[in-house]
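Heads up, the thing below is written out as structure tokens.
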Amino acid sequence: MKENTSEEIDLGELFRLIGNVLNRCIKFIDKIFKNLFHLFILFLKFIRTHFLKFVTVTFIGVIIGGYLDYRSLPIYKSSMIIEPNFNSVQQLYNNIEFYNQLAEHQESKALSEALQVSENEASYIKKVTIESFSDETQRIKQFSEFISGLDSISQKQVDYEYYLKNFNDINAKFHRIQIEATSPEIAKRCQKAIVTSIENNEYFRLQKEINERNIALKDSVIGTQQEEINDLQAFYKKIKIMEAQKPDGTTNINLAENQSDQVSEIELLDQAGKLKDEKIELNNEKANTKNTINIISEFPNKGALVNDFMNKKIVLIPIVFVTILFLTLILISLNKYLMNYDKLNT
């Protein structure tokens, strides 16, 4: 009976402790909600007290923003998708950043010289940006190409997650160049200068020439190997014709030699197929590396009108005015509270 009583006391004490913990948690949560509700009420009282001020600055902001939107010129956005070769992407990013700085600082003369347009046309350009353009499929394909170029030990140390962690804009295969301007046609006129700024670079021009020589050499080697295989196939065919023309009585069939000839012909056919695949791959490489910058999608003849309502001044300026007023009133109220703090606590 004593053991049962002791167990009942222990269980009762445990339940009592659990109940106390639950009660404290409930009181704590209740206190948080009460404080949040109290802050919400204070906020509503603050808005009610200064409601006319907020309405006034909002109205003024709408008037000023609407006037500025009315006076400002429309903005047009144009995009071009490109594929850089010969590790020229870093130089391309540097060039685009340079163009953008000139546009932001309204250096029309320097920008006109860089993009080979008139100074008046250069003044239309407001922003020049570049960003990577890739999806999951392209990243997986690039990872496969990256892994195939590593030795067996390095392949074991690099996985797809590690590759993605170190993947950045420079590693992407395709990139999107965007120009925002007050003229819809100016981007198209800048396209040639953007591309030739990379193609005329001496280093990339040398890389392109070396690549063309290597491709020509590979093409010549493959062509020679294909001719040799064709000659060997013709030779085997000629031997078969000669054997078929022998009199029946002098025919001497050697199964071992015949089997060896069949194996040799199969190997020749297999090698011819491999050379054909190499030729196709080489032709694709030749087409993809013909230019230092491959233009996948050109700038359109006319850019698209940017009509984002949330970025209009009629929206942004009232938000700025209301934010400034709100912070000012908060600081004033805080200052009054600090000045009266000693009086309130005495």
Using alpha-carbon positions, what is the distance between the centroids of the range 119-150 and the range 280-328, in Å?
13
First check a/c for the range 122-229, with a ≥ b ≥ c the square roots of the eigenvalues of its C-alpha gyration tensor; if it is under 1.5, answer rounded, and if not, answer prolate when a/b is larger than b/c or oblate otherwise.
oblate
Structure-derived P(r) over Cα pairs in 20 Å bins from 0, in percent: which label, when the choices are (1) 27, 52, 21, 1; (2) 25, 39, 26, 9, 0; (3) 16, 27, 26, 18, 10, 3, 0:
(3)
Label-point separation in nm, N35 to H50, each point 7 Å along Cα→Cβ
2.3
Using a Gaussian network model on the chain with a 10 Å cutoff between Cα atoms, which of K218, K240, K290 fluctuates the most?
K240
Quick one: which residues, 5+ away or cross-chain, put their amide H under 5 Å from the amide H of I296? H built at 1.01 Å from N.
I81, I82, E83
Would the range 10-79 count as rounded, prolate or oblate if I go by the C-alpha gyration tensor, calling it rounded below 1.5 in a/c and otherwise prolate when a/b exceeds b/c, oblate otherwise?
oblate
Give the long-range amide H neighbours of F133: residues separated by 5 or more places, or on another chain, with amide H under 5 Å away, using H modelled in the peptide plane at 1.01 Å from N.
F174, H175, R176
For Y76, residues with placed amide H under 5 Å, excluding near neighbours
A181, T182, S183, V306
How large is ³J(HN,Hα) for each residue in the range 233-243, as worked out from phi by the Karplus curve 6.51 cos²θ - 1.76 cosθ + 1.60 (θ = phi - 60°), to whole Hz, x for Gly and Pro?
5, 5, 5, 4, 5, 5, 4, 4, 5, 5, 5
Tell me the mean residue ellipticity at 222 nm calculated for the chain from its helices only (DSSP H runs of n ≥ 4, each -39500 (n - 2.57), averaged over every residue, nearest 500).
-24000 deg cm²/dmol
Whole-Hz ³J(HN,Hα) for each residue in the range 321-334, computed from phi via Karplus 6.51 cos²θ - 1.76 cosθ + 1.60 with θ = phi - 60°, x for glycine and proline: what do you get?
4, 5, 5, 4, 4, 4, 5, 5, 5, 5, 5, 5, 5, 5
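FYI, it's all coordinate maths here, none of it is from the lab. The shown structure was predicted, so the numbers you read here are calculated from the model rather than taken from an experiment. Quick reminder, even Gly has a Cβ in these numbers, built from the backbone with ideal geometry, and neighbours come from all protein chains shown.
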